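Since every read-out is calculated from the coordinates, none of them should be taken as a lab result. Owing to the predicted nature of the structure, the values given are computational and were not obtained by experimental measurement.
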Amino acid sequence: MTNFLITWGITAVSLLIISALRLGVEIKGIGTALVAALVLGVLNATVRPILGFLSFPITILTLGLFALVLNALMIMLMSAVVGGVRLHNGFWGALIASIVLSILTAILSAIIK
């Protein structure tokens, strides 16, 4: 349970940093970031495995780069579900935000855990 809370907080902080850097995602506040991180976690646990299975041949052909597209799609879905999240520049903004989110989450996880 503690690991879940730490990961949830790290994702929320990373989303706030991305919002502050104006990298394609705008988040209204801390509460919205916490909700967005929770929704993103639920989407990554439920929808992403199904899409990953269905897109496995494309992922193999692109040597894994299609996984970045799946991450961007999860951010786009999250922005559609959470009211206080606004996505700029459409897919490309989500793609940049997903790459930066992965990097920030890895760095913060290495520092905290």
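Data for the structure
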{"item": "Angle in degrees between helix 30-54 and the longest Cα principal axis of the chain, rounded to the nearest 10", "result": "10"}
{"item": "Quarter of Cα convex hull surface for the stretch 2-112, i.e. mean projection, nm²", "result": "6.9"}
{"item": "Euclidean distance between Cα centres, the stretch 1-39 to the stretch 46-113, Å", "result": "14"}
{"item": "Crossing angle, helix 90-112 versus the chain [Cα axis fit, 0-90 degrees, rounded to tens]", "result": "60"}
